[in-house]
Amino acid sequence: MRLRKLITRSFFYYLGGNMLAAGGLAVAAAVITGAFIIGDSLSHSLEKAVNLRLGGITHSVTAGDRLFTMEMGDRFATQSGMQVSRALLTEGMVIAGGGRERLNRIQVVGVDDTFSTLLGSAIDHGGAGPGEVIVSRNMARRLQLEPGDHIMLRMKGTGVIPMNTPLVSDAGQTVTRRVRVAAIAGDEDYGRFNMRVSQTAPYNVFVDIGWLNTVMGLDGMANAIFLASEDAIREDVEGYLRNAFEPEDGNLVVRYRSDLGMTGISSERVFIEEHLSGVLAEAFPSGTRILTYFVNSIEKGTNDTPYSFIAAAERYGLEPGEIVINEWLAGDIGAALGDTLLVRYFETGPRRELEERDVSLVVSGIIDMEEAAADSILMPFLPGLSDAGSCRDWDAGVPVSLDRIRDKDEDYWDEYRGTPKGYISLEQGQLLWTNRFGNLTSYWLPSAPGNLQSVRNAISKAADPTEMGFQVNELRKQGLEAAAGGVDFGTLFGGLGFFVMLAGIMLFFLLMLFNLERRSDQVRLFSAMGYPKSLVRKIYLGEWMLVALAGGGGGLFLAAGYGALVRYALMEVWQDIVRTDLLVLVIRPRSLVWGLFISLAAAFLVTVFGTDSRLIERRTSGNGTVKSIRTTGSPPKQANTRNRLMTAASLVFAGAGMTVLLLQLFAGGDPDPFLFFVSGGLLLVAVLLFVRILLLLIGSRGYDRIDLLRLSIRNLARNSTRSLLVITLLALGMFVVISTGSFITDAAREEMEPTGGSGGF
């Protein structure tokens, strides 16, 4: 009989035992291949999430808290030849069901018809009429909305002046409108649109950008530009951005004052930021820089003038510590040349907290009101203050005590408005009042009426939008890089299932040994027929490779079920792990091939060791007719040497594990999970070696009498390898359960610490 036929017949004759062993390997193959499948599925799902949230959009241009004109998007499109869409985005909340349902942290996206074209969507996201919105499907499900329903849309106020700007009122920070749901945008309609790299779908409300401008009190403003160009690189986009930039996009107002024969440059943001201040100084060195600030009081002794403007300017030859005042102020507080005045003012912190400060200044000059009146233009436009009809109507960004305002203060406001009552040096003014929003309030230069456009052109040419908060974002590239370069989920799930894989392979080996013991008569028969040991080994090696092939192949089918089970768990039970409902099971031939290859490679190594001739002899020896394959065990001297070596190895592993564990304890802080597993693994190996020594010692000793307990212990040591494998399987399971449970975070354990889960509250 040929060897191949003999192997095949032996395989089918012992089919039950072989399939049982194949089942152990199938578990390992399923975990190995399933890890690859889950890794591929999650990577594919993350890429799909990028496509569903961006559509055809590849880049965006944003400007932080700044608004710019929609016309800049048109100029950008003309110069670059790219598809472009302008948008106005803000945050808000939705109230539905007559106030019963509320949804916070929504994204309001104001767009026009170019947005849907850019996405590649059939639905027109900006096509809703005034007072109408299109909501994302997840919002509709959460609030149980249908087209035609009405909701309250409360939005964060978006204006040219950024929040927390000093001297500006925080009134109007929210805008509320009752709107009608015109349509619902599903995933295929890019209802998941999001510029942020996130698997979690935002709650979106799409509105017409013109309507959103109107309710925000704006006119043709945007805060984002979306582009569609796979080939564009950041440097090119930044170049187009610089070419498309004009002063209005930096919120600069350039106007000619014919009564003064000067061109004034101011900012709708109140303060001119330092980059633009530098640009203006370089482009127009003959200009005059002004920083005007609102102060609480100007005092001389017990005399006090409340609420005035002071201008820091390059005039009158002022030095730090000096002040020039107008004659109205001099008469009000009785100030003369050489007197020391105390000026009190508020300084605004990053969280809008106010701290009153003061500075002492010496009067170095007094100007008449005719000269001072010409400087009414130096007051910056402050909503709620500059446009107030009287002082008692002021709505400033700092506390104003109306009881302090006198009739003469009202008269001054009626006649001179915000004309500064004092002037200090620009150097000192910028030292006192420069903030994160800028260091000037206006810039003035001698100019003729026909030079207005040349001034604008000079600003456009010299300004760099990227220095003002404009940023080019490679949205698609960043999304795909995040999907590919994040967590390697294949390796992650492979690591989580490592002990399961190891247990499956050990089970395969254990069943192999058990099968060999059951087939001792077959081995003796082969030996009696004159089969050499090498041929017997080839028969078993070939047969067990068939078992391994059956187990590996079966594992591939189990892997699909394992992947589907993990997908269900991630979508339902463990959704917080991936934060997405887009997980799609993907089975790629490459993953199946790699899973089968690794499983068969592991099985081959185990089979080669398990079919060693000496191991076959030990497993199949007994009271048979063939004495040549019977073993009498190791001589006592060899056994003692082996025991001493295993004892030394056990002590080494135990010492190494304890060292790693103690180093973590003395280092303080939270334990490192990796080092924890290393120390635990070393101690586990030490314990298993000790158990192996104990089994050998039990097997070498005799008993004076036999009872059930002694017989059980003796039987445990009779097949020490099999017993050790079973003990190892149980130990691995306990180790994984206990070690994993040790790292469960207890939210209450450090609840009073700022670093705890509750932030110390």
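The values are calculated or read from the model by the stated rules, or taken from the named source; none is laboratory data. Keep in mind that what you see is a predicted model, and the values were worked out from it rather than measured. Here the Cβ is made from the backbone with ideal geometry for all residues, glycine too, and neighbour counts use every protein chain on show. Calculation scope for accessible area: heavy atoms of the full protein, side chains included, ligands and nucleic acids excluded. Shrake-Rupley method; radii C 1.70, N 1.55, O 1.52, S 1.80 Å.
Return a yes/no flag: does region 111-125 have any residue that is more than 19 Å from I209 (Cβ to Cβ) and of a type in the set (S, T, Y).
Looking for residues that are more than 19 Å from I209 (Cβ to Cβ) and of a type in the set (S, T, Y), one finds none in region 111-125, hence no.
Inspect all residues belonging to region 269-277 and state whether any of them is touching a residue at least 60 places away in the same chain (Cβ under 8 Å), within 16 Å of T419 (Cβ to Cβ) and not hydrophobic (A, V, I, L, M, F, W, C). Can you show your working first?
Going through region 269-277, the residues touching a residue at least 60 places away in the same chain (Cβ under 8 Å) turn out to be 269-277.
Going one step further and asking which of them are within 16 Å of T419 (Cβ to Cβ), we end up with none.
Within region 269-277, not a single residue is touching a residue at least 60 places away in the same chain (Cβ under 8 Å), within 16 Å of T419 (Cβ to Cβ) and not hydrophobic (A, V, I, L, M, F, W, C).
Only one residue in S376, S364, S386 is within 21 Å of N326 (Cα to Cα), small (G, A, S) and free of Cβ contacts under 8 Å to residues at least 40 places away in the same chain, so which one is that? Talk me through it step by step, then tell me what you get.
Details: S376 fails: free of Cβ contacts under 8 Å to residues at least 40 places away in the same chain; S364 fails: free of Cβ contacts under 8 Å to residues at least 40 places away in the same chain.
Testing whether each residue is within 21 Å of N326 (Cα to Cα), small (G, A, S) and free of Cβ contacts under 8 Å to residues at least 40 places away in the same chain leaves just S386.
Can you go through T292, T214 and tell me which one is at pLDDT 90 or above, surrounded by 15 or more Cβ atoms within 10 Å (Cβ to Cβ), hydroxyl-bearing (S, T, Y) and in contact with a Pro (Cβ under 9 Å, 6 or more places away or on another chain)? Write out each step before concluding.
Details: T214 fails: surrounded by 15 or more Cβ atoms within 10 Å (Cβ to Cβ).
Answer to the check: T292.
Given the structure, is I184 in a strand (DSSP E or B) and more than 27 Å from the chain's Cα centre (by Cα)?
On the way: in a strand (DSSP E or B): yes; more than 27 Å from the chain's Cα centre (by Cα): yes.
In short, yes.
Six or more apart or on different chains, Cβ under 7 Å: which pairs go from a residue in region 670-684 that's open to solvent by 70 Å² or more (accessible area, probe 1.4 Å) to one that's at pLDDT below 70? Could you list them?
F677/S739
Which residues, taken from region 441-468, are under 25 Å from A63 (Cα atoms), of a type outside the set (G, A, S) and touching a Phe, Trp or Tyr at 6+ places or on another chain (Cβ under 7 Å)?
Scanning region 441-468 gives T441, P465.
Does any residue in region 230-241 that is over 14 Å from D464 (Cβ atoms) and among the basic types (K, R) come within less than 7 Å, Cβ to Cβ, of a residue that is at pLDDT 90 or above and assigned to a loop (DSSP other than H, G, I, E, B) six or more places away or on a different chain, and which pairs are these?
Within 7 Å, the pairs are R234/E474.
Considering only residues that are open to solvent by 40 Å² or more (accessible area, probe 1.4 Å) and touching a helix residue (DSSP H, G or I) at 6+ places or on another chain (Cβ under 8 Å), look in region 562-589 and name the one that is modelled with the lowest pLDDT.
Checking each candidate, the answer is I577.
Among the residues of region 513-530, write down those that are in a loop (DSSP other than H, G, I, E, B) and buried (at least 16 other Cβ atoms within 10 Å of the Cβ).
Applying the first criterion (in a loop (DSSP other than H, G, I, E, B)) to region 513-530 yields 519, 529-530.
Listed by number, the list holds a single entry, R519.
Would you mind telling me which numbered condition in (1) touching a residue at least 12 places away in the same chain (Cβ under 8 Å); (2) closer than 29 Å to W594 by Cβ L15 fails?
Result: L15 fails condition (1) only.
Kindly provide the set of residues from region 225-269 that are among the β-branched types (V, I, T) and open to solvent by 10 Å² or more (accessible area, probe 1.4 Å), ordered by number.
Across region 225-269, the qualifying residues are I233, V253, V254.
Can you tell me which of (1) open to solvent by 10 Å² or more (accessible area, probe 1.4 Å); (2) touching a Ser or Thr at 6+ places or on another chain (Cβ under 8 Å); (3) within 30 Å of V455 (Cα to Cα) is the one V160 doesn't meet?
(2)
Do we find that E299 is open to solvent by 40 Å² or more (accessible area, probe 1.4 Å) and either part of a loop (DSSP other than H, G, I, E, B) or under 22 Å from P399 (Cβ atoms) (or both) in this structure? Full working, then the answer.
Numbers: open to solvent by 40 Å² or more (accessible area, probe 1.4 Å): no; either part of a loop (DSSP other than H, G, I, E, B) or under 22 Å from P399 (Cβ atoms) (or both): yes.
Taking the combined requirement at face value, the residue does not satisfy it.
Going by the conditions given, is D219 surrounded by fewer than 15 Cβ atoms within 10 Å (Cβ to Cβ) and closer than 30 Å to R154 by Cβ? Step through it out loud before you land on a result.
Values: surrounded by fewer than 15 Cβ atoms within 10 Å (Cβ to Cβ): yes; closer than 30 Å to R154 by Cβ: yes.
When the stated conditions are applied, D219 passes them.
State all residues of region 166-193 that are modelled with pLDDT under 90, of a type in the set (S, T, N, Q) and either farther than 21 Å from T348 by Cα or surrounded by 22 or more Cβ atoms within 10 Å (Cβ to Cβ) (or both); if no residue qualifies, say none.
Of everything in region 166-193, just one residue is modelled with pLDDT under 90, of a type in the set (S, T, N, Q) and either farther than 21 Å from T348 by Cα or surrounded by 22 or more Cβ atoms within 10 Å (Cβ to Cβ) (or both), namely T174.
If you scan region 441-452, which residues turn out to be modelled with pLDDT under 90 and polar (S, T, N, Q)?
Keep residues of region 441-452 that are modelled with pLDDT under 90, which gives 446-452.
Result: S447, N451.
Identify all residues within region 205-226 that are touching a helix residue (DSSP H, G or I) at 6+ places or on another chain (Cβ under 7 Å) and in contact (Cβ under 8 Å) with a residue 24 or more places away in the chain; write none if there are none. It would help to see each step written out before you state the result.
First, the residues of region 205-226 that are touching a helix residue (DSSP H, G or I) at 6+ places or on another chain (Cβ under 7 Å): 219-222, 225-226.
Hits for region 205-226 are G220, M221, A222, I225, F226.
Scan (1) part of a helix (DSSP H, G or I); (2) touching a helix residue (DSSP H, G or I) at 6+ places or on another chain (Cβ under 6 Å); (3) among the β-branched types (V, I, T) for the single condition T8 breaks and write down its number.
Of (1) part of a helix (DSSP H, G or I); (2) touching a helix residue (DSSP H, G or I) at 6+ places or on another chain (Cβ under 6 Å); (3) among the β-branched types (V, I, T), only one is false for T8: (2).
Which of the residues that make up region 462-494 are modelled with pLDDT of 80 or more, in contact with a Leu (Cβ under 8 Å, 6 or more places away or on another chain) and either open to solvent by 70 Å² or more (accessible area, probe 1.4 Å) or not basic (K, R) (or both)? Write out each step before concluding.
Applying the first criterion (modelled with pLDDT of 80 or more) to region 462-494 yields 462-480.
Still in the list and also in contact with a Leu (Cβ under 8 Å, 6 or more places away or on another chain): 463, 465-466, 468, 470, 472, 475-476, 479.
Once the filter is applied, which keeps residues that are modelled with pLDDT of 80 or more, in contact with a Leu (Cβ under 8 Å, 6 or more places away or on another chain) and either open to solvent by 70 Å² or more (accessible area, probe 1.4 Å) or not basic (K, R) (or both), region 462-494 yields A463, P465, T466, M468, F470, V472, L475, G479.
Test of understanding: among L445, L452, which residue is within 14 Å of L252 (Cβ to Cβ), touching a strand residue (DSSP E or B) at 6+ places or on another chain (Cβ under 6 Å) and open to solvent by 40 Å² or more (accessible area, probe 1.4 Å)? Working first, answer last.
Details: L445 fails: open to solvent by 40 Å² or more (accessible area, probe 1.4 Å).
Only one candidate passes the filter, namely L452.
I need the full set of residues from region 239-256 which are part of a helix (DSSP H, G or I) and polar (S, T, N, Q), in order please. First the steps, then the outcome.
Going through region 239-256, the residues part of a helix (DSSP H, G or I) turn out to be 239-244, 247-250.
Selection gives N243 alone.
Looking at F381, F346, which is the one that is open to solvent by 60 Å² or more (accessible area, probe 1.4 Å) and in contact (Cβ under 8 Å) with a residue 24 or more places away in the chain? Spell out how you get there, then give the answer.
Working: F346 fails: open to solvent by 60 Å² or more (accessible area, probe 1.4 Å).
Answer to the check: F381.
Give the residue, chosen from D236, D259, that is in a loop (DSSP other than H, G, I, E, B), out of contact with any Asp or Glu (no Cβ under 6 Å at 6 or more places or on another chain) and farther than 23 Å from W433 by Cβ.
Numbers: D236 fails: in a loop (DSSP other than H, G, I, E, B).
Criteria check complete, one pass: D259.
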